[in-house]
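The values are calculated or read from the model by the stated rules, or taken from the named source; none is laboratory data. Keep in mind the model is a prediction, meaning the values are calculated, not measured. Every residue, glycine among them, receives a Cβ derived from its backbone with ideal geometry; neighbour counts consider all protein chains shown.
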Amino acid sequence: YYASVDEYIVRVPRGAGREGVRGSGENDMAAALMATGDYLYAQPNWVCYPLQTPNDPGFAAQWHHTNMQSTLGWDISTGSPPIVVAITDSGVDLTHPDLQNRVPGYNAVDDLAEVDGGQIGDVASSGHGTHVSGCAAAKGNNGAGVVGLGWNLSFMMCRVSNKTSGGAYLDDLAQGARWTIENGARSVSASYTGVSGPSVGTTGDYIDSIGGIYLYAAGNSNSDLWNFDHANVIVVGATTQADTKASFSSYGLAIDVVAPGVDIYSTLKNGTYGLMSGTSMATPLVNGVIGMIWSVNPALTNHEVRDILFNSCDDIGDPGDDDIFGHGRVNLARALAAAEATLGCGADVNHDGFVNGDDYDVFAELFDVADPGADFNHDGFVNGNDYDEFADHFDIGC
């Protein structure tokens, strides 16, 4: 029972229902439950699959950072380690050099936290979960590999599959997403089929009610998602390097934003790297942008973060919120500039409502002892970059 949204979730044993045509038992059971009048929805607990279209590795260029103006965004922040974004997927390569900025996660299939022995290593032969994780949060500026949207974000892996296919049940995806927000993540994304399911919507409602953000991939079937629009789930489509809709990306009323999703170069199993395409890749990129917004201003509410995300998109389709691109293609630089604008007097270190020499003295004292209060760019370190950032804000004043 989830009190914040007054929702009971009732599960029946897997395989319940009459024998016969594949799927008939599950559909009959759902119909029987709905006939009682006691349920808001009843849906078969279908298996969902990772959404990727693998491509041959070798093109070691992350073009998506150009389209999203990542480098301009990184001038504002490269991410804050206390901000955690979560991924529900097939697991992650535990020893990958670019994915060591990880906090303990959860195995939803076994209902076991990592700290209690839950296994979160990547079981998918494709390395789907590892690739998705790198899109959001691969370590940057470390002299190796690739760069995630948030160099210094922390990420949490919730493994929702114990199968080499990466296939996951809807209930594990829902339970896993809820667990991550209950256990410290600010946002959580799913790069799986099943976006239209009612459980996706109610999971988003619950996550929203406790201050988090839920993202879900639109899908790779080029389908028109005309018949639903989850109020509290950010549904993500995919774009090409030319800022057109990816040929495979689903579209329609449900789409909220889009992000690059074709030939995305990211982390793979065994410490390697490679290209994948899909709304699977676009979704964690948006998750990364959300984590970066919170890195700039951790005091923002989830609704404020969502508004900043939507309003900072590049409107590459019909004016306004359209059925192909939603609010548009996400732009990291614009999002972080908008987040920074919410801080007001950024250089008012002593919080007296003024920016003057007193603030300079306080900052200098903190800086000299490498106090975390001098981590002005929220990257987890105190160094000359923070001094430069403070000086810029000091010159602006209030």
Original post:
Among 184, 288, which is crowded, with 20+ Cβ neighbours inside 10 Å and either in contact with a helix residue (DSSP H, G or I) (Cβ under 7 Å, 6 or more places away or on another chain) or modelled with pLDDT of 95 or more (or both)?
Top reply: 288
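What do you reckon, is residue 373 out of contact with any Asp or Glu (no Cβ under 8 Å at 6 or more places or on another chain) and part of a loop (DSSP other than H, G, I, E, B)? Steps first, please.
Values: out of contact with any Asp or Glu (no Cβ under 8 Å at 6 or more places or on another chain): yes; part of a loop (DSSP other than H, G, I, E, B): no.
No.
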Subject >> Flag if residue 181 is assigned by TED's automatic domain parsing to the domain that holds residue 264, in a helix (DSSP H, G or I) and within 15 Å of the chain's Cα centre (by Cα) >> reply: yes
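Filter region 122-132 down to residues that are more than 16 Å from residue 180 (Cα to Cα) and out of contact with any helix residue (DSSP H, G or I) (no Cβ under 9 Å at 6 or more places or on another chain) and give me whichever is modelled with the highest pLDDT.
Top of the filtered list is 130.
Working carefully through the options 320, 346, find the one that is of a type outside the set (Val, Ile, Thr) and surrounded by fewer than 17 Cβ atoms within 10 Å (Cβ to Cβ). Spell out the reasoning first.
On the way: 346 fails: surrounded by fewer than 17 Cβ atoms within 10 Å (Cβ to Cβ).
Just a single option satisfies the conditions, and that option is 320.
Being touching a residue at least 60 places away in the same chain (Cβ under 8 Å), surrounded by 13 or more Cβ atoms within 10 Å (Cβ to Cβ) and part of a helix (DSSP H, G or I) is true for just one of 340, 389, 365. Which residue is that?
Values: 389 fails: touching a residue at least 60 places away in the same chain (Cβ under 8 Å); 365 fails: touching a residue at least 60 places away in the same chain (Cβ under 8 Å).
When all the criteria are applied, what remains is 340.
Conditions tested, residue by residue: (1) modelled with pLDDT of 85 or more; (2) among the hydroxyl-bearing types (Ser, Thr, Tyr).
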{"site": "304", "(1), (2)": "yes, no"}
{"site": "353", "(1), (2)": "no, no"}
{"site": "360", "(1), (2)": "yes, yes"}
{"site": "373", "(1), (2)": "no, no"}
{"site": "378", "(1), (2)": "no, no"}
Original post:
What pairs come up if the first residue lies in region 249-275 and is in the same structural domain as residue 331 (by TED's automatic domain parsing) and of a type in the set (D, E, K, R), the second is crowded, with 24+ Cβ neighbours inside 10 Å and outside any loop (DSSP other than H, G, I, E, B), and their beta carbons are under 6 Å apart, counting only those six or more places apart or on different chains?
Top reply: 256/234; 256/235; 256/326; 263/277; 269/130
Original post:
Given the conditions (1) more than 18 Å from residue 92 (Cα to Cα); (2) out of contact with any strand residue (DSSP E or B) (no Cβ under 6 Å at 6 or more places or on another chain); (3) of a type outside the set (Gly, Ala, Ser), and given that residue 258 satisfies all but one, which numbered condition is not satisfied?
Top reply: (2)
Subject >> Members of region 75-94 found to be surrounded by fewer than 24 Cβ atoms within 10 Å (Cβ to Cβ) and over 30 Å from residue 125 (Cα atoms), listed by number >> reply: 75, 76, 80, 82
Original post:
Mind checking which pairs have a first residue in region 135-156 that is closer than 10 Å to residue 98 by Cβ and a second that is crowded, with 21+ Cβ neighbours inside 10 Å and of a type in the set (Asp, Glu), Cβ under 6 Å, 6 or more apart or different chains?
Top reply: 138/98; 139/98; 145/98
Subject >> Set 288, 320: member being over 24 Å from residue 147 (Cα atoms), within 30 Å of the chain's Cα centre (by Cα) and in the same structural domain as residue 151 (by TED's automatic domain parsing) >> reply: 320
Subject >> region 116-159, residues that are in a loop (DSSP other than H, G, I, E, B), more than 19 Å from residue 283 (Cα to Cα) and of a type outside the set (A, V, I, L, M, F, W, C) >> reply: 117, 118, 119, 125, 140, 141, 142, 143, 145
Original post:
Where residues in region 224-272 are out of contact with any Phe, Trp or Tyr (no Cβ under 8 Å at 6 or more places or on another chain), part of a loop (DSSP other than H, G, I, E, B) and of a type in the set (S, T, N, Q), which of them is surrounded by the most Cβ atoms within 10 Å (Cβ to Cβ)?
Top reply: 249
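Report yes if residue 282 is closer than 18 Å to residue 187 by Cβ, at pLDDT 95 or above, buried (at least 21 other Cβ atoms within 10 Å of the Cβ) and among the aliphatic types (A, V, I, L, M), otherwise no. Steps first, answer last, please.
Details: closer than 18 Å to residue 187 by Cβ: yes; at pLDDT 95 or above: yes; buried (at least 21 other Cβ atoms within 10 Å of the Cβ): yes; among the aliphatic types (A, V, I, L, M): yes.
So residue 282 fits the description; yes.
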Original post:
Do any residues in region 61-79 that are assigned by TED's automatic domain parsing to the domain that holds residue 288 have Cβ atoms under 6 Å from those of residues that are of a type in the set (A, V, I, L, M, F, W, C) and surrounded by fewer than 18 Cβ atoms within 10 Å (Cβ to Cβ), where the two are at least six apart or on different chains, and which pairs are they?
Top reply: 69/333; 72/333; 73/333
